[in-house]
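Q: Below is one structure. I have some questions about it.
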Ligand code: NDP
């Protein structure tokens, strides 16, 4: 039996892209997945597709910036499937633009979704994971969280935060002996709806060119999330950097 089968996995940002691909893959491997995002129609459709394929899934409409909604999706996991074993903190936006464009509303929104969304998700599961002395927190950072890219000052900053936060969560959990596993994923160009959040024309054009040339399927990220979960409980897969072979 795999270490995925039977696990209850909460996934944020599950209505498209990496979250959707991961929900479908994990469900096909016997996980019980609970999908969260804001677009209910998309979530319902994905749950229907998973169930039609014989998998188990539920959803809850979720804005990750609202703490109580993160608590609520964890409650849905417990009520529907009897517990929570894994949370995949994946919701994110990337409104790339040079700082000189002064898109200050987008700066704030990016911080709120990409940083507060991660904090709210962790806060929603940590007491349960500590109490049950097991759990797995997986987060989507980015290659922009490893390297500086002009245009990504704010987005990149939020993804550097995710890296640091996840590493410290891992270290503290190990020190405290709570048996919580952590994994941080650093994707490069993955073909999803992410570029839709770019309002700056020049930045959008540049990113579209990059993704058209190099982008690969979100399935590739789903594969590494599944790999991390599938390892034995005493084994922590700390990090994965995954992107197109051709991307410089
Ligand atoms: P998508 O745009 O396809 O997916 C983003 C997901 O986040 C959607 O499901 C969206 O759903 C959700 N989301 C956005 N805002 C919120 C919110 N406030 N509350 C809840 N959910 C929200 O892009 P990806 O699949 O690419 O993005 C997933 C993650 O991967 C992001 O964190 C992104 O930064 C990261 N990443 C992606 C890369 C890529 O090349 N695609 C590269 C590096 C990292 P909804 O609108 O329904 O709420």
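Q: What do you get for Rg/Rh of the range 119-186 when both radii come from the Cα atoms and Rh is the Kirkwood radius?
A: 1.05
Q: By how many degrees, between 0 and 90 and to the nearest 10, does the Cα long axis of helix 40-52 differ from the longest principal axis of the chain?
A: Relative to the chain, helix 40-52 is tipped by roughly 50 degrees.
Q: On full extension of the chain, what length is gained from residue 231 through residue 175, given 0.36 nm per residue of separation minus the C-alpha to C-alpha distance?
A: Result: 18.1 nm gained on full extension.
Q: Still on this model: Would you give the gap between the C-alpha center of the range 1-37 and the C-alpha center of the range 200-248, rounded to a whole Å?
A: The range 1-37 and the range 200-248 have Cα centres spaced 17 Å from each other.
Q: By how many nm would the segment from residue 78 to residue 40 grow when fully extended, if each residue of separation counts as 0.36 nm and the alpha-carbon distance is taken off?
A: Working: separation 38, 0.36 × 38 = 13.68 nm, distance 2.01 nm.
Full extension from residue 78 to residue 40 adds 11.7 nm.
Q: Return a whole-number percent for the relative contact order of the chain, with Cα pairs under 8 Å and 6 or more residues apart as the contact set.
A: Result for the chain is 21 percent.
Q: Oh, and also: Which of 163, 108 has the fewest other C-beta atoms within 10 Å, and how do the rest follow up to the most?
A: Listing 163, 108 from fewest to most nearby Cβ atoms yields 108, 163.
Q: What do you get for Rg/Rh over the range 24-155 if you use C-alpha atoms and the Kirkwood form of Rh?
A: Values: Rg = 16.4 Å, Rh = 16.1 Å.
When Rh is taken as the Kirkwood radius, the ratio is 1.02.
Q: Now for a separate question. Let me understand the chain better: what is its radius of gyration from the alpha carbons, and its Dmax, in angstrom?
A: 17.1, 54
Q: Then there is this: Taking the alpha-carbon set of the range 175-248, what are its Rg and Dmax in Å?
A: 16.1, 49
Q: May I pose another question? I need the Debye-formula profile for the range 59-112: one equal scatterer per C-alpha, no solvent, reported as log10 I(q)/I(0) at q = 0.16, 0.17, 0.20 1/Å, two decimals.
A: Listed by q, the Debye log ratios stand at -0.61, -0.65, -0.77.
Q: State, in angstrom, two size descriptors of the range 120-248 derived from its alpha carbons: Rg to one decimal place and Dmax to the nearest whole number.
A: When restricted to the Cα atoms of the range 120-248, Rg and Dmax are 16.3, 49 Å.
Q: If you don't mind, there's one more thing I want to ask. Using the beta-carbon distance between residue 104 and residue 205 and R0 = 30 Å, what value does 1/(1 + (r/R0)^6) give for FRET efficiency, to the nearest 0.05?
A: 0.85
Just so you know, all these numbers are worked out from the coordinates, no wet-lab data involved. Since the model is a prediction, treat every value here as computed from it, not as a measurement. Methodologically, a virtual Cβ is constructed for each residue, glycine included, from the backbone with ideal geometry; neighbour enumeration extends over all protein chains shown.
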